[in-house]
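Working notes for the structure below.
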Amino acid sequence: MNVFIAGGTSGIGYALARHYLEKGYDVGICGRNLAKISENNLENVKTFQTDVCDMNAIATAVHTFLTGGQNLDIFINCAGSYAEDVAGKISYEEAEEMLQTNILGTVNCFETARKVMKGQKKGSIAVIASVSGILDYENSSLYTKTKRSVIQIADAYRRALKPFGISVTTIVPGYVDTEKLRQLNNNDLHKKPFLTDVETAVIHISEAIEKQKKRVIFPAKMKWMMKSLSVLPSFLLNTIMFRKAQWMKDDQP
Ligand SMILES: NC(=O)c1ccc[n+]([C@@H]2O[C@H](COP(=O)([O-])OP(=O)(O)OC[C@H]3O[C@@H](n4cnc5c(N)ncnc54)[C@H](OP(=O)(O)O)[C@@H]3O)[C@@H](O)[C@H]2O)c1
């Protein structure tokens with residue numbers, strides 16, 4: 001089995017790469033900073049220094065990974081850019097990177113994977129959105145709006161690729177305890193409800209891909225909280241989410 005993970009140099013993508021290597025699969029990963037991998041000591045993985053915002057580069061990386069005309073069985077896009085923007089402190093550069101990586105990068109990954117898999121008439125594509133993208137409320141952050149777009153882009157590709165035997169799984173995690181999340185929160189995650197460890201996240205993600213689920217939201221408590229919030233009238237939802245953002249902002253310098 002051949003698995004390619006965009007955004008596999010750290011965090012959830014790195015943990016997924018390790019999971020599939022342990023299962024004996026051939027794994028390729030890409031990211032912009034390969035130095036992170038040698039720090040993590042990941043063996044037997046094929047690595048590509050590639051930015052998902054560059055369509056030609058991501059396509060070349062996948063084709064190089066599949067030398068000899070092998071099938072691409074699983075493509076997972078974990079590449080994502082996020083910043084703590086509840087406090088309205090996001091810079092133009094951060095916003096630009098977020099839009100490019102989370103939206104253009106998502107489309108580039110779908111395009112690359114679908115072109116390879118269409119000829120095979122099978123394959124699984126997964127993309128990591130975020131539970132924050134489930135709810136539709138006007139005061140949500142730019143990050144949340146990009147992840148809502150990811151969910152919708154995945155829905156469009158799922159419809160289009162079904163006739164070709166290609167499944168599309170949207171991964172919708174709540175908070176996952178990664179280095180990046182810790183960095184953004186000064187190593188203090190006490191305001192992140194229902195925090196999931198990365199190993200548990202890998203189990204949820206790999207099982208959903210294997211079962212070709214359309215969408216998986218985890219952890220269960222977060223899923224039910226989101227479902228409860230989604231039935232509220234918009235003025236009430238806006239008020240609750242605004243107060244939550246204020247509460248999260250309170251501690252920030
Ligand atoms: N952790 C959470 O609580 C959480 C919750 C919901 C959703 N998510 C989503 O899960 C994904 C992974 O998050 P994480 O916490 O594991 O963070 P992370 O460690 O920062 O992982 C992001 C990965 O994407 C890569 N990447 C970023 N921009 C890229 C680009 N333009 N081209 C290629 N690779 C790029 C990074 O590698 P390089 O720096 O080497 O490029 C890294 O390997 C993200 O999409 C995030 O939005 C995370």
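For this structure, a couple of remarks:
- Rounded if a/c under 1.5, otherwise prolate or oblate - region 190-234, Cα gyration tensor axes: oblate
- Placing unit charges on the Cβ atoms only, positive for Lys and Arg and negative for Asp and Glu, gives region 130-247 a dipole magnitude near 380 debye about its Cα centre.
- Contact order, relative form, for the chain: 18 percent (alpha carbon pairs under 8 Å, 6 or more residues apart, mean separation divided by residue count).
- Residues MET1 and LYS36, FRET efficiency given R0 of 22 Å [Cβ-Cβ distance, rounded to 0.05]: 0.35
- Considering only ILE205, GLY133, PRO233, the residue lying farthest towards the positive end of the dipole of the chain is PRO233, judged by Cα position with unit charges set on Cβ.
- A simple spin-label model places the labels of LEU195 and GLN70 3.7 nm from each other, with each point 7 Å out along Cα-to-Cβ.
- Charge dipole of the chain (Cα centre as origin; +1 on each Lys and Arg Cβ, -1 on each Asp and Glu Cβ, all else neutral): 1100 debye, rounded to the nearest 20.
- Label-to-label distance, nm, for residues given as LYS118 and ARG182 (7 Å Cα→Cβ offset): 4.3 nm
- Kirkwood radius, region 2-250, all distinct C-alpha pairs, inverse of mean reciprocal distance: 18.5 Å.
- Cross-link pairs beyond the 18 Å C-alpha cut-off, checked among LYS115/LYS211; LYS122/LYS211; LYS147/LYS223; LYS46/LYS121: LYS115/LYS211; LYS46/LYS121
- Residues with amide H under 5 Å from that of ARG215, placed H, sequence gap 5 or more: THR170
- Ranked by the mean number of other Cβ atoms within 10 Å per residue, highest first, peptides 23-31, 207-215 order as 23-31, 207-215.
- Calculated FRET efficiency for the pair PHE235/GLU111, C-beta based, R₀ 35 Å, to 0.05: 0.35
Bear in mind these aren't lab numbers, they're just calculated from the coordinates by the rules spelled out. A quick note: this is a predicted structure, and the numbers were derived from the prediction, not measured. Reconstructed Cβ throughout: ideal geometry from the backbone, glycine too, with neighbour counts over all protein chains shown.
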